[in-house]
Ligand code: EPU
């Protein structure tokens, strides 16, 4: 099979941060065979590959990528099976995550609605175990199929194989750069079942006079909450949360709390999760600007590109923030965004 390899394509237009040099080689794949053909091409020419989904969590380098960028546009969503209580639905990895959630909401399947409006593709969702408003992908995950980049063979992964934890999975650890995720299946409930306990969801519904919400009510409140805090990348370039919220042990947390009684926290299986936005704001950096990049004025965990920024500038700001937080709290912030150097 022939693939249409393009040359010298600007990567900034494929990242919601709007930063990056060019890809020496670039190809769009729309099905599995095209993906395999692209992989074979790269192998024959000994070129490294980078698999690109929605570009909503990627910070490209200012220098050119000397390899093949494979833009995944393998799409399609379908019902796999159902019983009286639940359904399994599957989307190919180049589908947008929102499409999968909309598919679920319109058919009255419960469980994905708190993850409404998260940008990016289905294929990226298990890599970083996407999460929002008290729900993570792992809570609804069923299984996935991935292609081993070494030998082109398919392998299925169940929940345990994926080793999900907060914004982490096998595909970010041991399995990093080894697999191409082809499709992801999720299991949802046919019986009404909501997660309304996180933050202000319930209060926002009540403020609208809604006591018994529908799936549409919940998803529209989630969308409003996101819109309040996360700028639309088409208007102000960003990649959502730039850092992960750090998890510390409870003794350490109590020590910080004695010094900063107003510190916010969330329980976590591995300890106490502290909002990185709170730490950054406490360092006086909310709204801070360096050259053409800055800390978003309404949400301190979001870094924005005001226009024509360089990766170099953003990385300078990132290190400045990390140093400030470390100097004030002895906490190391880890980026959530995938940084290509
Ligand atoms: N806060 C501040 N200052 C700010 C913003 C927030 O002090 O400028 C404090 C507030 O106390 C707030 C707390 O931080 O209660 C948490 O803020 P928010 O609810 O906005 O969530 P977050 O922890 O900053 C996480 C996810 C988001 C997800 C939201 C909602 C991570 C890295 N980020 O952000 O995911 O939408 O919760 O569930 O866990 C993403 O991954 O790109 C993303 C946007």
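A few notes on this one:
- Computed from label points 7 Å out along Cα-Cβ, the spacing between residue 216 and residue 323 is 5.3 nm.
- Kirkwood hydrodynamic radius over Cα pairs of segment 103-178, then Stokes diffusion coefficient at 4 °C and 1.567 mPa s, in µm²/s: 97 µm²/s
- Anisotropy class of segment 6-72 from Cα gyration tensor, a/c 1.5 cut: oblate
- Stokes-Einstein diffusion coefficient of segment 288-341, Kirkwood radius over Cα pairs, 20 °C, 1.002 mPa s, in µm²/s: 183 µm²/s
- Once the Cα-Cα distance is subtracted from the 0.36 nm per residue extended length, the residue 192 to residue 102 segment shows a gain of 30.8 nm.
- The chain, relative contact order [Cα under 8 Å, separation at least 6], %: 16 percent
- Helical content of the chain, expressed as a calculated mean residue ellipticity at 222 nm, amounts to -7500 deg cm²/dmol (DSSP H runs of 4 or more residues, -39,500 (n - 2.57) each, divided by residue number, nearest 500).
- Between residue 40 and residue 203, the simple label model (points 7 Å from Cα in the Cβ direction) yields a spacing of 5.9 nm.
- With Cα atoms as the point set, the chain shows a radius of gyration and Dmax of 20.6, 64 Å.
Readers should treat all values here as calculations from the given coordinates under stated rules, not as data from a laboratory. These numbers were taken from a predicted model, which means no experiment stands behind them. Please note: Cβ atoms are built from the backbone with ideal geometry, for glycine as well, and neighbour counts cover all protein chains shown.
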